[in-house]
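Participant: Handing you this structure, nothing more for now.
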């Protein structure tokens, strides 16, 4: 999808503190948005080159790091309140955290992070938005109800600061590719900052060491062979199962089966006509396959109630051997659970006709919004975000990820290792606010090569969601209700309370309840962008 046209950068800066950031969220207004000009950072050469949908790979950090930002980006900002999700234990408070103190000194402001565990973040975001005292910077999940309306009412319109060449004032935000900016379009402008994610999306990770120990086929060529692999990894009496996440809440084994059976990534588009994944025969087949695998006892018995972190712990300890997770989890799993061998399993076509599909990710983990304020205040927040997006090859990046050399980490052969203090202190989740574009590594050469080879194989198979960057008013107002109805019905089927055959009626109700309206609005928005 090409850059969207119109000189949005000419919008007066006063709009950033006006009553709602300009236009109401319509397909027509959003189609006219000019995305930030992409200016890739050229200050570092990867060991493994980037390509179309292929991440660059690094074996080590460069010997000489560039100090890219010589001033303090938050100078004069005072206290900066930040609300952000976290998927790891909350680090020690500022008074007991030397890394946090050093971070504030480098930024030149008092970064007051409110780091909320993921299990509580939904409630926290809802109450924060409903309250009258917003933080300066807020990570808004993509599922935030009426996200465009929230952005318009509560947060600054970033269009005049970032649209087109205006973004060049923030070079590390300009380094973020267009793919990650598309989900930021709202209300005829740029509603927030992306947390860049690679196009590869989620991966079925596999404990290669456990597969090898049991002499199992590591490359199943069809659905039957995948089930055989799962059976070989399951020994309930010994407390081992193949899988631990059905995917009822998104992702999980169901995602992998959808890719295997050739289901669209959310929606498909052909000649301007849209079809939702749930309407396809392949979706029903994948759902039936999941029910069958549950009946065979291939899932951990607590799969329906397990938390996100429990699933990772099961994988790391060998309780389960297969887990769908974000691509970045590859390094997290290896560093968290020492001594394991992690690989990735590409979905085969269910009938053995080659490779299956791989769903393209959304481009951004969330939307990072900046509280409405005068131009000076908004620019201060953008300068801080620009610092947080500093890429590999800069001193700012290494500090952000690993803290102070000799205190928070030690360096050997170009690779940092966190100290005991660093393991707890350097857990401030800035990567969920804004970050550099995704890369592989730096890390062990064999691991980076393994990751790169998988990405090379997956890149040609990526299937995008054609609705990314499009807007449907009905989807914005009723999408969460429609999705909840689908999820509840799917849960009843997967839990064995309803037959798979009941899915057809569920889809009919979805269409009548608003699904067909959403389809029509996406088709109209798509036509306007052509």
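The values are calculated or read from the model by the stated rules, or taken from the named source; none is laboratory data. Only a predicted model underlies this, so the values are computations on that prediction, with no experimental measurement involved. All Cβ positions, glycine included, derive from the backbone under ideal geometry; neighbour counts span all protein chains shown.
Participant: Please verify whether residue 48 is at pLDDT 95 or above and under 27 Å from residue 335 (Cα atoms), treating the condition exactly as stated.
Facilitator: Yes.
Participant: Just to be sure I understand, how many residues within segment 445-460 are farther than 17 Å from residue 219 by Cα and either touching a strand residue (DSSP E or B) at 6+ places or on another chain (Cβ under 6 Å) or modelled with pLDDT under 95 (or both)?
Facilitator: Matching residues across segment 445-460 total 4.
Participant: Considering only segment 230-253, state which residues are in contact with a strand residue (DSSP E or B) (Cβ under 9 Å, 6 or more places away or on another chain), buried (at least 17 other Cβ atoms within 10 Å of the Cβ) and either free of Cβ contacts under 8 Å to residues at least 24 places away in the same chain or within 30 Å of residue 475 (Cβ to Cβ) (or both).
Facilitator: 245, 246, 247, 251, 252, 253
Participant: Still on this structure, I have one more. Can you confirm whether residue 29 is in contact with a helix residue (DSSP H, G or I) (Cβ under 9 Å, 6 or more places away or on another chain) and in contact (Cβ under 8 Å) with a residue 12 or more places away in the chain?
Facilitator: Values: in contact with a helix residue (DSSP H, G or I) (Cβ under 9 Å, 6 or more places away or on another chain): no; in contact (Cβ under 8 Å) with a residue 12 or more places away in the chain: yes.
Answer is no for this residue.
Participant: May I ask you to say which residue of 396, 423 is at pLDDT below 95 and either within 18 Å of residue 103 (Cα to Cα) or part of a helix (DSSP H, G or I) (or both)?
Facilitator: After applying the criteria, what remains is 423.
Participant: Just give me the residues in segment 171-196 being assigned to a loop (DSSP other than H, G, I, E, B) and either surrounded by 23 or more Cβ atoms within 10 Å (Cβ to Cβ) or not assigned by TED's automatic domain parsing to the domain that holds residue 24 (or both), in sequence order.
Facilitator: Listed by number, the residues that qualify are 176, 187, 188, 191, 192.
Participant: How many residues are in contact with a strand residue (DSSP E or B) (Cβ under 8 Å, 6 or more places away or on another chain), closer than 21 Å to residue 220 by Cβ and surrounded by fewer than 18 Cβ atoms within 10 Å (Cβ to Cβ) when one looks only at segment 334-357?
Facilitator: The total comes to 5.
Participant: Further question: Can you name the condition, by its number, that residue 368 falls short on among (1) in the same structural domain as residue 213 (by TED's automatic domain parsing); (2) buried (at least 23 other Cβ atoms within 10 Å of the Cβ); (3) under 30 Å from residue 145 (Cα atoms)?
Facilitator: Every listed condition holds for residue 368 apart from (1).
Participant: Right, next: I need the full set of residues from segment 497-530 which are at pLDDT below 95 and loosely packed, with under 13 Cβ neighbours inside 10 Å, in order please.
Facilitator: Passing the criteria: 527, 530.
Participant: Is it the case that residue 468 is out of contact with any strand residue (DSSP E or B) (no Cβ under 8 Å at 6 or more places or on another chain), modelled with pLDDT under 95, surrounded by fewer than 16 Cβ atoms within 10 Å (Cβ to Cβ) and outside the structural domain of residue 84 (by TED's automatic domain parsing)?
Facilitator: Numbers: out of contact with any strand residue (DSSP E or B) (no Cβ under 8 Å at 6 or more places or on another chain): yes; modelled with pLDDT under 95: yes; surrounded by fewer than 16 Cβ atoms within 10 Å (Cβ to Cβ): no; outside the structural domain of residue 84 (by TED's automatic domain parsing): yes.
Against the criterion (out of contact with any strand residue (DSSP E or B) (no Cβ under 8 Å at 6 or more places or on another chain), modelled with pLDDT under 95, surrounded by fewer than 16 Cβ atoms within 10 Å (Cβ to Cβ) and outside the structural domain of residue 84 (by TED's automatic domain parsing)), residue 468 does not qualify.
Participant: Here are the criteria: (1) in contact with a helix residue (DSSP H, G or I) (Cβ under 7 Å, 6 or more places away or on another chain); (2) modelled with pLDDT under 95; (3) surrounded by fewer than 21 Cβ atoms within 10 Å (Cβ to Cβ); (4) closer than 30 Å to residue 148 by Cβ. Tell me which single one residue 326 does not satisfy.
Facilitator: Against the list (1) in contact with a helix residue (DSSP H, G or I) (Cβ under 7 Å, 6 or more places away or on another chain); (2) modelled with pLDDT under 95; (3) surrounded by fewer than 21 Cβ atoms within 10 Å (Cβ to Cβ); (4) closer than 30 Å to residue 148 by Cβ, residue 326 comes up short only on (1).
Participant: For residue 76, indicate whether it is over 26 Å from residue 402 (Cβ atoms), in a loop (DSSP other than H, G, I, E, B) and modelled with pLDDT of 95 or more.
Facilitator: So residue 76 fits the description; yes.
Participant: Is at least one residue of segment 97-115 surrounded by fewer than 20 Cβ atoms within 10 Å (Cβ to Cβ), touching a residue at least 12 places away in the same chain (Cβ under 8 Å) and under 30 Å from residue 482 (Cα atoms)?
Facilitator: There is no residue in segment 97-115 that is surrounded by fewer than 20 Cβ atoms within 10 Å (Cβ to Cβ), touching a residue at least 12 places away in the same chain (Cβ under 8 Å) and under 30 Å from residue 482 (Cα atoms).
Participant: Next question. Would you mind stating whether residue 242 is modelled with pLDDT of 95 or more and closer than 21 Å to residue 325 by Cβ?
Facilitator: So residue 242 passes the test.
Participant: Of these, 151, 173, 210, which one is touching a strand residue (DSSP E or B) at 6+ places or on another chain (Cβ under 6 Å) and farther than 20 Å from residue 251 by Cβ?
Facilitator: Only one candidate passes the filter, namely 151.
Participant: Further question on the same structure: Scanning for something surrounded by 15 or more Cβ atoms within 10 Å (Cβ to Cβ), part of a loop (DSSP other than H, G, I, E, B) and out of contact with any strand residue (DSSP E or B) (no Cβ under 7 Å at 6 or more places or on another chain), does segment 119-139 turn up at least one residue?
Facilitator: Looking through segment 119-139, none of the residues is surrounded by 15 or more Cβ atoms within 10 Å (Cβ to Cβ), part of a loop (DSSP other than H, G, I, E, B) and out of contact with any strand residue (DSSP E or B) (no Cβ under 7 Å at 6 or more places or on another chain).
Participant: Got a sec? Which of 385, 390, 476 is farther than 22 Å from residue 359 by Cα, in a loop (DSSP other than H, G, I, E, B) and touching a helix residue (DSSP H, G or I) at 6+ places or on another chain (Cβ under 7 Å)? Steps first, answer last, please.
Facilitator: Values: 385 fails: in a loop (DSSP other than H, G, I, E, B); 476 fails: in a loop (DSSP other than H, G, I, E, B).
The match here is 390.
Participant: Across segment 408-424, what is the number of residues that are within 15 Å of residue 91 (Cβ to Cβ) and without any contact (Cβ under 8 Å) to a residue 12 or more places away in the chain?
Facilitator: Looking only at that region, the number is 2.
Participant: Yes or no: residue 278 assigned to a loop (DSSP other than H, G, I, E, B), out of contact with any strand residue (DSSP E or B) (no Cβ under 8 Å at 6 or more places or on another chain), modelled with pLDDT of 95 or more and crowded, with 20+ Cβ neighbours inside 10 Å?
Facilitator: no
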